[in-house]
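The values are calculated or read from the model by the stated rules, or taken from the named source; none is laboratory data. All values reported here derive from a predicted model rather than from experimental measurement. Note that each Cβ is placed from the backbone with ideal geometry, even for glycine, and that neighbours are counted across all protein chains shown. Keep in mind that these areas ignore ligands, DNA and RNA; they rest on the heavy atoms of the full protein, side chains included. Shrake-Rupley method; radii C 1.70, N 1.55, O 1.52, S 1.80 Å.
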Amino acid sequence: MQLPKNYNPKEAEIKWLEFWEKEKIYAFDPNSKAEIYSVDTPPPTVSGKMHLGHSFSYSQQDFVVRFQRMLGKNIFYPFGTDDNGLATERMIEKMKNVKGQFMKRKEFVDLCLKTLKEIRPDFVYDWKRIGISADFSIFYTTIDQHCQEISQRSFVELYKMGRIYRKRAPFVWCPECQTAIAQVEMKDNERESKLVYMKFDTSLGEQITIATTRPELLPACVAIHIHPDDKRFKHLIGAKAKIPFSDREVKITANKDVDMEFGSGIVYHCTFGDMDDVKWMEEFNIEPIEILNKDGILNEKAGRFKGLHVKKAREAVIKALQEEGRIAKLEPIRHVVNVHERCETDIEILITDQWFIRYLDLKDEFIEYGRKIKWYPEHMKARYENWIKGLKWDWNISRQRHFGIPIPVWYCRKCNEIIAADEKQLPVDPLVDMPLKKCRCGSNVFIGEKDVLDTWATSSLTPDIAIELFKDKKIFKKLHPMSLRPQAHDIITFWLFNTVVKSYFHHKKIPWQNAMISGWALDPKGKKMSKSKGNIIDPREMIAKYSADSLRFWAAGSRLGDDLPFQEKDLVTGSKFSTKIWNASKFAFMHLSDYNLEKPAKLEVMDRWILSKLSKVVKESTENFIDYEYSHTKLEAETFFWHVFCDNYLEIIKDRLYNAGKRGKEARLSAQYSLFHTLLTIIKLMAPIMPFITEELYQLYYKNHEKIKSIHICKWPDISMIDEHAEHIGDFVVKVVEFVRKQKSEKQLSLKTPVKKLTIKAKIEEKDFDSIEAEIRAATTAEHIVFEPTRGKKTENDLEIEVGF
């Protein structure tokens, strides 16, 4: 068979994408009786385009899914997009040059939905382009009616359980996004700042100095705290301190939470600098002073600083204190501040009405559920448990945005009773729809809830969202719990934990049996990629320059859970592999053109050698894939292909393939049989990693023999032909051939240069040598071979070789 001279991945990859889709190669069969392997596919956030981290982690999950498919399982591998969150909203604001908060809600929501419909196909194509073998016909978006119904139903069920409550209380707020955020949506950023030492007058006639990084909150000071064991200041407890720039006085109280070593050892309590201020407000029964608006601007309660943004107010307060001689010192510091992970704005704490899921009383149950899941790698479970142990607040699920899934409740205008939607009317928009019945007070006049659900309140239901697409099918009950949750390690606290929470409440069982946690793709220096650093690598550019297979080859180079710096040379290596397997296949297919799957009566030693080694590779590769260690499979298959198959086996059997007349038809048939099965097995081993080149090679030759539509639905290799004796003899042959090659190379001779005399002393039987002498003679171009068996003799080496030219 004549293959094209070169493999063209740009043409081939598009061709096979279209083939897979047209032939429904990856379609889930709800009527199949095969074992189901179901995947809770991460729905990527529609906030731009695929980034390198996506191609890294999605490729890794796809390696595993493709392997499971080749085991003969019925793969449930849906695909969805997450497009009801803040990231999507901000993207559309930027694309359309609008600000949602200044638009009518319906107008902005319609704009978002219209824009998403326009951009979604191109966005999803990026995932198809890297070879993700999902069934894209099982599709959802987290803003569609199907998802809205499931998300709102979850809210109603939890509300009926008494697990959801509404409370006006201090909570974390992002002034930039102007919405409440959950504990999980914060991250720590190191910032340069100043520790400001401020002087306060007291009712005892002496001044005290207080150190703070938030002087702008001075108008909201409600108390001064001193540790009761602090001998320096305990005499001040019970006295009062006067707030600069006002006539107000606040009480100086004893508080064991005060760190006597920080700053001056005296703390000023303002509402609110951090969550300690919230805790003390409740502990000391203090009335808060709210000086911040939702946009971070100080209000009239801030006095002379009204109208300033918190950052400008900070400098203004410092300047005013300096003018009055109330600054003891300014100390430059570098400290950690909490920011919103989406926009990196410093968070504030504001008193607002918010909805919460009460779950702090269930920490032990959530830890127990986590231990029922098999974690790959195992150590990632510690991140999950540490997060749960460190939880301080209930889950805030309300967001003050236009675009999102509406919280399905109304408030009775007459008695203020909260009315939850009836499940039969879901999904609803409380600003448009009305409850199905009157309030208990008899009123039928209601005010709809304006807030929407946090995106994680919906994303935490992805198992239900995907499975309920089949709720009218018999297979529905077999899909839960799912087989696998694949995801990156940075969202264990976001997505994984919250999904366990929802599954606990709604199903009383774990959502999946296995969790596969991937690492991050880093820049070549091991740094996190970001636009601000200018170190972004675009996967589309890498695919255009090399191929999707090469990009996947790079992703397979990392152990599951490990972060991997991007090195372009790894894609070069992937391309070289494609070229090598193409050329090796061209050679093989040429010599297999007349092969009809016949098995020889007897296999030659070198054929038994390659099949024995291959059997071990298959066994180890299978075990590694079962344990989600795809990188070991890739390394083993790659090493076997290059060094055992190409470097040695192909070279050694060439004489039998080309010279059937001299070596005999049976010897050639033995080589054909082993060549056919070895190359097919290599292609199958690499198919989950490099799906395009393997499909191309399969279709060019093997499909005619295997009679199966695609390599990706062929059976995973299961070969067991281990022959230790053949391996021992075969390894001896390889050592001899490699030694002669080295001698020729050192003497700068062509490999075709004849060897006049080849003398070999080795600890093998003479009959074994006779079985492979012709292979050695052909591979070394030896004209005369002298063999001396040394078995049972005292010799320094097991093998001694002399080469005479």
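Here are some notes:
- Per-region count, the range 433-449, residues outside any loop (DSSP other than H, G, I, E, B) and crowded, with 18+ Cβ neighbours inside 10 Å: 2
- Near pairs, Cβ below 8 angstrom, 6+ apart or cross-chain, from the range 577-606 (closer than 24 Å to ILE772 by Cα) to any residue that is not in a helix (DSSP H, G or I): LEU592/MET1
- Helices (runs of 4 or more DSSP H) completely within the range 647-754 that count 1 or more residues being surrounded by fewer than 23 Cβ atoms within 10 Å (Cβ to Cβ) and at pLDDT below 95: 651-658, 660-663, 665-686, 703-706, 724-746
Each row is one residue, and each column tells you yes or no for (1) at pLDDT 95 or above; (2) farther than 30 Å from CYS343 by Cα; (3) over 24 Å from the mean Cα position of the chain (by Cα).
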residue: GLN60; (1), (2), (3): yes, no, no
residue: VAL64; (1), (2), (3): yes, yes, no
residue: ASN74; (1), (2), (3): yes, yes, no
residue: ASP83; (1), (2), (3): no, no, no
residue: THR88; (1), (2), (3): no, no, no
residue: GLU93; (1), (2), (3): no, no, yes
residue: LYS99; (1), (2), (3): no, no, yes
residue: PHE102; (1), (2), (3): no, no, yes
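- Single condition ASN624 does not satisfy, out of (1) without any contact (Cβ under 8 Å) to a residue 24 or more places away in the chain; (2) surrounded by fewer than 17 Cβ atoms within 10 Å (Cβ to Cβ): (2)
- Spans of helices (runs of 4 or more DSSP H) in the range 484-578 with at least 1 residues open to solvent by 40 Å² or more (accessible area, probe 1.4 Å): 497-507, 539-545
- Residue in the range 137-158 that is open to solvent by less than 10 Å² (accessible area, probe 1.4 Å), modelled with pLDDT under 95 and farther than 30 Å from HIS235 by Cβ present: no
- Among the residues listed as PRO288, PRO219, the single one being touching a residue at least 12 places away in the same chain (Cβ under 8 Å), within 26 Å of ALA180 (Cβ to Cβ), not in a helix (DSSP H, G or I) and not aliphatic (A, V, I, L, M): PRO288
- HIS402, sole failed condition from (1) free of Cβ contacts under 8 Å to residues at least 40 places away in the same chain; (2) more than 20 Å from LEU158 (Cα to Cα): (1)
- The strands (runs of 3 or more DSSP E) found wholly in the range 303-391 and carrying at least 2 residues that are in contact (Cβ under 8 Å) with a residue 24 or more places away in the chain, over 26 Å from the mean Cα position of the chain (by Cα) and surrounded by 14 or more Cβ atoms within 10 Å (Cβ to Cβ) occupy 327-340, 348-357.
- Taken as a whole, the structure leaves TYR595 outside the set of residues that are aromatic (Phe, Trp, Tyr) and closer than 17 Å to ASN6 by Cβ.
- Verdict on GLU783 being among the charged types (D, E, K, R), closer than 28 Å to GLY664 by Cα and more than 57 Å from the chain's Cα centre (by Cα): yes
- Options ALA687, ALA671, ALA667, ALA660: the member that is under 14 Å from VAL618 (Cα atoms) and of a type in the set (A, V, I, L, M, F, W, C): ALA687
- Near pairs, Cβ below 9 angstrom, 6+ apart or cross-chain, from the range 732-754 (among the polar types (S, T, N, Q)) to any residue that is assigned to a loop (DSSP other than H, G, I, E, B): GLN743/LEU749; GLN743/PHE805; SER745/LEU751; THR753/LYS747; THR753/THR781; THR753/PHE805
- Tally, over the range 171-215, of residues that are under 30 Å from GLY100 (Cα atoms), open to solvent by less than 30 Å² (accessible area, probe 1.4 Å) and aliphatic (A, V, I, L, M): 5
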